[in-house]
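The values are calculated or read from the model by the stated rules, or taken from the named source; none is laboratory data. Values in this document were obtained by computation on a predicted structure and should not be read as measured data. Please note: Cβ atoms are built from the backbone with ideal geometry, for glycine as well, and neighbour counts cover all protein chains shown.
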Amino acid sequence: MNEESSTARASDETPEKLTRAHGTHREERVHPRLWTRARQAFFALPRGLHVVMLVIFMILGFALATQVRAQRSDPLEGLSEQDLVTVLDELSTQEQNLRSAASEADAREQATRKAQTQAQIAAGTVAVHGPGVTVGVTDPSANLTPTQFVQTLGELRNAGAEAIELNGVRLSTRSAFTGQAGSIVVDGTPISSPYTWKVIGEGQTIATALDIQAGSAAQMRAKGATVTITPVNDLSISSIATPKPPQFATYG
């Protein structure tokens, strides 16, 4: 019984294996036949056509080689001496234009920074130091009024003062004096004698402006105050003014 079953399975598998083997041998025979037919077809063409195809292949190869060589070559290699001189002149002109533009930009930046610094000093929003004078005022009789302080501040500005401090209060272009004799208020801060002005600017010019006949120093002395003006080589002002927003002026 087992022998019959084995024989039956062998008889069933044998045709399938034969079919696969036959197919494999057929595929192996197909490829050589295709190449053989292609070769035979090529050589079956007229010889003149062979020459034409050879020429075409040579032209294509030459064109490809020329293109590759052109891409690798220096773009200035084919220029004449005059053309090279022209190129150098253009490059030199461009370099000069770039340098000039960079210098102008740097000059504008420096001017902007300088203007910003000057505006901050004028507004009293930065600490400063430099040559100037100190003005000491003693008012034992409390006779000085805001009028004498306003006059002094005006004379200092007219004399070229760049930064001014009075009893620790930084004065700006919008500073104001109020109060009455013996009770002076500057920018909302009460001050009292002795009064000490710190002024940065050209010391000799400022001292002369304050001490002229009928000037602010003479006016304070006439009211019994003692005024002392002392030039200083390097005077420091560290107080800072509080900026006040404009009430009426707008940009534009």
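Going by the structure shown, is Val85 surrounded by 15 or more Cβ atoms within 10 Å (Cβ to Cβ) and at negative phi? So Val85 does not fit the description; no.
Please verify whether Gly179 is farther than 18 Å from Val227 by Cβ and either surrounded by fewer than 16 Cβ atoms within 10 Å (Cβ to Cβ) or not hydrophobic (A, V, I, L, M, F, W, C) (or both), treating the condition exactly as stated. When the stated conditions are applied, Gly179 passes them. Taking the listed residues Glu155, Glu90, the one that is in contact with a Ser or Thr (Cβ under 6 Å, 6 or more places away or on another chain) and not in a loop (DSSP other than H, G, I, E, B) is Glu155, with no other qualifying. Taken over segment 97-120, the criterion of being under 15 Å from the mean Cα position of the chain (by Cα) and either under 29 Å from Ala161 (Cα atoms) or not in a helix (DSSP H, G or I) (or both) is satisfied by Ala107, Arg108, Glu109, Gln110, Thr112, Arg113.
Among residues that are among the aliphatic types (A, V, I, L, M), under 38 Å from the mean Cα position of the chain (by Cα) and part of a strand (DSSP E or B), Ile164 is included. When Pro190 is tested against (1) more than 14 Å from Gly124 (Cβ to Cβ); (2) buried (at least 16 other Cβ atoms within 10 Å of the Cβ), only condition (2) is not met.
Only residues that are of a type in the set (Asp, Glu) and either in contact with a Gly (Cβ under 7 Å, 6 or more places away or on another chain) or under 8 Å from Asn167 (Cβ atoms) (or both) were counted in segment 183-197, giving 0. Scanning segment 173-200 for residues that are at pLDDT below 95 and either closer than 21 Å to Gly130 by Cβ or aliphatic (A, V, I, L, M) (or both) gives Thr173, Ser175, Ala176, Ala181. Cβ-Cβ contacts under 7 Å between residues 6 or more apart (or on different chains), taken from a first residue in segment 162-183 that is without any contact (Cβ under 8 Å) to a residue 40 or more places away in the chain to a second residue that is in a loop (DSSP other than H, G, I, E, B) and surrounded by 13 or more Cβ atoms within 10 Å (Cβ to Cβ), are listed as Ala176/Asp187; Gln180/Thr145; Ala181/Ala142; Ala181/Asn143; Ala181/Leu144; Ala181/Thr145. Cβ separations smaller than 7 Å between residues 6+ apart or across chains give the following pairs from segment 205-230 residues that are modelled with pLDDT of 95 or more to residues that are part of a helix (DSSP H, G or I) and of a type in the set (D, E, K, R): Val227/Arg221. Is it true that some residue in segment 74-81 is at pLDDT 65 or above, surrounded by 10 or more Cβ atoms within 10 Å (Cβ to Cβ) and of a type in the set (Asp, Glu)? No; the residues of segment 74-81 include none that is at pLDDT 65 or above, surrounded by 10 or more Cβ atoms within 10 Å (Cβ to Cβ) and of a type in the set (Asp, Glu).
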